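The values are calculated or read from the model by the stated rules, or taken from the named source; none is laboratory data. Since the structure is predicted, the reported quantities are computational estimates derived from the model, not experimental observations. Backbone-built Cβ (ideal geometry, glycine too); neighbour counts: all protein chains shown.
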Amino acid sequence: MNEDELVEYFRAQMRQDPDVASAVAAIRTLLEFLKRDKGETIQGLRENLTQAIDRLTGVDSSVAVSSGGELFLRFISLTSLEHDDLSRCKKVMVERGELFLKKISLSRNKVAKLCHTFIKDGAKILTHSSSRVVLRVLEKAAAEKKRFTVYVTESQPDSAGKKMAEALKNLNVPVTVVLDAAVGYVMEKVDLVIVGAEGVVESGGVINKIGTYQMAVCSKAHNKPFYVVAESFKFVRLYPLNQQDVPDRFKYKADTLKTAENLNEEHPMIDYTPPSLITLLFTDLGVLTPSAVSDELIKLYL
Amino acid sequence: MPGADKETDLSERTEAFLAELKRGGSGTGPLRGSGETARETAALLRRITAQARWTSAGDLMEIIRKEGRRMTAAQPSETTVGNMVRRVLKIIREEYARSGGSSEETDQQESLHKLLTSGGLNEENFRQHFPPLKANVIEAINELLIELEGTTDNIAMQALEHIHSNEVIMTIGRSRTVEAFLKDAARKRKFHVIVAECAPFCQGHEMATSLSKAGIETTVITDAAIFAVMSRVNKVIIGTQTVLANGGLRAVNGTHTLALAAKHHSTPLIVCAPMFKLSPQFPNEEDTFHKFVSPQEVLPFTEGEILSKVNVHCPVFDYVPPELITLFISNIGGNAPSYIYRLMSELYHPEDHEL
């Protein structure tokens, strides 16, 4: 499977199922790559995979794709430790890979099941930009016959908030789109804030669409709970201490990285929210406090 | 027939326990400490394990879960009952795994690592029959009971590390754990205790009497004076009814005020709570979180005229968020509130969080 086929497969996955998380599409693509790989050694397989992951991040530079890729590499390492023979190893890998994909396709439902009990009747919820996980949580809460209203930020520069508002209108949930600048204004009215995440870092903080950090600071000032919903495959091995520490390759879109002359003049697409501002994280591994996240990552990577 | 006798005896005891739980909550019967409730629950569960009819671990777990649901429904605010049920369920799982031959403690928690390496959708259904399982489970429950009996002493043993001479300690209401804690420190140190009376039940008065009998200099203050006096206080030591999964507390009403005053003056807030009070609930369930009792204590029925014109509430509990707490002292040592998630994963299995 050469590079172009790889990219085409990835794009096709994203097109076919717009609801799928980009990390899941990346892992599916890599599994397909694994099936078609003609390498003779495990070392060669790893090298090819690393190249493939680089290529994919060149197409979609989001944190989620990178974390999905790293998780897949880790998966290969763990499996290859158990079996020496390459062909049997590959068979086991493919089997486990399919099983893994099946499990993580259920993860959004698990998160929704955990989170919807925190939404009380009559609650006013504030959310940021468009997140499929948050949408699933709100769907579940609406299905449990809870009445709530939602404020969504517009989330420039791509106006993703409007997409979220459309989806919520289809669920008959009263929704209002607010300006990004109006977060401070609206914060006193809301009861809780729920946002998704593109990546959850080792400290328990999150990386999400630009504007999330602002929302978190405002909610802390007003003493409102700030909840993050994320699937476990978004856990990534980064430890940023401030906004500057987030690597450039995540901050900007892939095309911007390639064509821009001076990155300082470009607008970053994501920001980092430190764990001190987050109340709870809802993941398919359970409800976690930010300090519990690093425990999970250590269990996986060490 | 002996078999039928045992069963009716068992169901009688269970019914008696449930009735006591229901009565104990209305505030009329003698108030039992949560330690007693925990011990009685564990003893009852041991009896159920010994006398009920079951063949595999799965059956036993079902029976215990069913009884657990009935017990928690009888008195939702008494969380120690549910906690003990969950502990016993975890014991059964562990003993089953050990009988099944799997070495040590296989990590039963969900984790990323498990997601990646598991070979199949392993649905443990606990159907295998192991003859020694019954004896093992009963022995483990006995160990649990021994642990429960020693909790107050274990906590009191740590008192000398935290209380120093000539300190002013503040507490609220009456907690048997804190009482033992302070009395143990008083054997070797001289310090002063200020007790907030905690209206309307004014349990603080009993606490003060008991402490002064042990030779500790005690002062009783009203709840309204907490903030005023806080600047003179070195440490605040309190007990609690429940420790929640996020590290917060469900404690007697007035505790949140105390915690806020302590935060304002940067006074450390220490919570003495044994491990059986740790509950996997989060503070979001509004229906079962609070308990209200008769407003007679707040506004007696003799105040005829006003009663028709005002609403009177008498809540029993308060929520204290984890940011206001400095340290938890339990029978296994001192821990920060951010570590509670770890202690919980050691005590309970995630599938048992919902009984």
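With respect to A:Ala167, determine if the residue is farther than 24 Å from A:Glu231 by Cα and among the small types (Gly, Ala, Ser). When the stated conditions are applied, A:Ala167 does not pass them. Only one entry of B:Leu145, B:Leu160, B:Leu133 meets the criterion of being under 30 Å from B:Arg93 (Cβ atoms), aliphatic (A, V, I, L, M) and surrounded by fewer than 21 Cβ atoms within 10 Å (Cβ to Cβ), and that entry is B:Leu145. For the range A:237-252, the condition of being under 18 Å from A:Ala112 (Cα atoms) and among the basic types (Lys, Arg) holds for none of the residues. Scanning the range B:177-201 for residues that are of a type in the set (D, E, K, R), under 29 Å from B:Val293 (Cα atoms) and part of a loop (DSSP other than H, G, I, E, B) returns a single hit, B:Glu197. Considering (1) within 14 Å of chain B (Cβ to nearest Cβ); (2) surrounded by 14 or more Cβ atoms within 10 Å (Cβ to Cβ); (3) touching a residue at least 12 places away in the same chain (Cβ under 8 Å), the lone condition that A:Ala160 does not fulfil carries the number (1). Restricting attention to the range A:61-74 and to residues that are buried (at least 21 other Cβ atoms within 10 Å of the Cβ) and among the hydrophobic types (A, V, I, L, M, F, W, C), the residue that is nearest to the other protein chains (Cβ to nearest Cβ) turns out to be A:Leu71.
The number of residues in the range A:174-213 being of a type in the set (A, V, I, L, M, F, W, C) and assigned to a loop (DSSP other than H, G, I, E, B) comes to 6.
Looking across the range A:73-124, the residues that are in a helix (DSSP H, G or I), without any contact (Cβ under 8 Å) to a residue 40 or more places away in the chain and more than 25 Å from the chain's Cα centre (by Cα) come down to A:Ser80, A:Leu81, A:Glu82, A:Ser87, A:Arg88, A:Lys91, A:Val92. Hey, any hits in the range A:31-47 for a residue that's within 14 Å of chain B (Cβ to nearest Cβ) and within 25 Å of A:Lys258 (Cβ to Cβ)? Checked the range A:31-47: no residue is within 14 Å of chain B (Cβ to nearest Cβ) and within 25 Å of A:Lys258 (Cβ to Cβ). Entry remark, the range B:223-237: residues being in contact with an Asp or Glu (Cβ under 7 Å, 6 or more places away or on another chain) and at pLDDT 95 or above number 2 in total.
When we screen B:Leu112, B:Leu148, B:Leu116 for residues that are modelled with pLDDT of 90 or more and either in contact with a Lys or Arg (Cβ under 7 Å, 6 or more places away or on another chain) or within 14 Å of chain A (Cβ to nearest Cβ) (or both), the only hit is B:Leu148. Return yes or no: is A:Ala23 among the small types (Gly, Ala, Ser), surrounded by 13 or more Cβ atoms within 10 Å (Cβ to Cβ) and closer than 25 Å to A:Asn208 by Cβ? Yes; evaluated as a whole, the condition is true for this residue. Any residue at all in the range A:234-246 that's over 21 Å from A:Ser129 (Cβ atoms), at pLDDT below 95 and within 14 Å of chain B (Cβ to nearest Cβ)? Looking through the range A:234-246, at least one residue is over 21 Å from A:Ser129 (Cβ atoms), at pLDDT below 95 and within 14 Å of chain B (Cβ to nearest Cβ).
Can you confirm whether A:Gln214 is crowded, with 16+ Cβ neighbours inside 10 Å, farther than 30 Å from A:Lys103 by Cα and either at pLDDT 90 or above or charged (D, E, K, R) (or both)? Yes. Checked against the criterion of being surrounded by fewer than 16 Cβ atoms within 10 Å (Cβ to Cβ) and aromatic (Phe, Trp, Tyr), the candidates B:Phe191, B:Phe227 yield just one match: B:Phe227. For A:Ala112, the criteria (1) among the hydrophobic types (A, V, I, L, M, F, W, C); (2) within 11 Å of chain B (Cβ to nearest Cβ); (3) more than 15 Å from A:Arg46 (Cα to Cα) hold in every case but one, which is (2). Condition first: at the interface with chain A (Cβ under 10 Å from one of its Cβ atoms) and either in a loop (DSSP other than H, G, I, E, B) or surrounded by fewer than 17 Cβ atoms within 10 Å (Cβ to Cβ) (or both). Now tell me which residues in the range B:315-337 satisfy that. If the condition is that a residue be at the interface with chain A (Cβ under 10 Å from one of its Cβ atoms) and either in a loop (DSSP other than H, G, I, E, B) or surrounded by fewer than 17 Cβ atoms within 10 Å (Cβ to Cβ) (or both), then B:Pro321, B:Glu323, B:Ala336 are the ones that fit. For the residues A:Glu231, A:Glu188, A:Glu166, the requirement of being in contact (Cβ under 8 Å) with a residue 24 or more places away in the chain and surrounded by fewer than 16 Cβ atoms within 10 Å (Cβ to Cβ) singles out A:Glu188. Of the candidates A:Asp295, A:Asp284, the single residue that is free of Cβ contacts under 8 Å to residues at least 40 places away in the same chain, facing chain B (nearest Cβ under 10 Å) and farther than 16 Å from A:Asp245 by Cβ is A:Asp295.
In the range A:252-272, the residues that are buried (at least 16 other Cβ atoms within 10 Å of the Cβ) form Cβ pairs under 6 Å with partners that are assigned to a strand (DSSP E or B), at six or more places apart or across chains, as follows: A:Ile270/A:Ile207; A:Tyr272/A:Ile207. For the range B:44-102, taking the residues that are part of a loop (DSSP other than H, G, I, E, B) and among the charged types (D, E, K, R), the one that is farthest from B:Phe292 (Cα to Cα) is identified as B:Arg53. Here is a check on your reading of the model: is A:Val193 crowded, with 24+ Cβ neighbours inside 10 Å, among the hydrophobic types (A, V, I, L, M, F, W, C) and over 19 Å from A:Ala21 (Cβ atoms)? Spelling it out, A:Val193 is indeed crowded, with 24+ Cβ neighbours inside 10 Å, among the hydrophobic types (A, V, I, L, M, F, W, C) and over 19 Å from A:Ala21 (Cβ atoms). For the range A:85-143, the set of residues classified as buried (at least 16 other Cβ atoms within 10 Å of the Cβ), among the small types (Gly, Ala, Ser) and more than 23 Å from A:Ala64 (Cα to Cα) consists of A:Ala123, A:Ala141, A:Ala142, listed by residue number.
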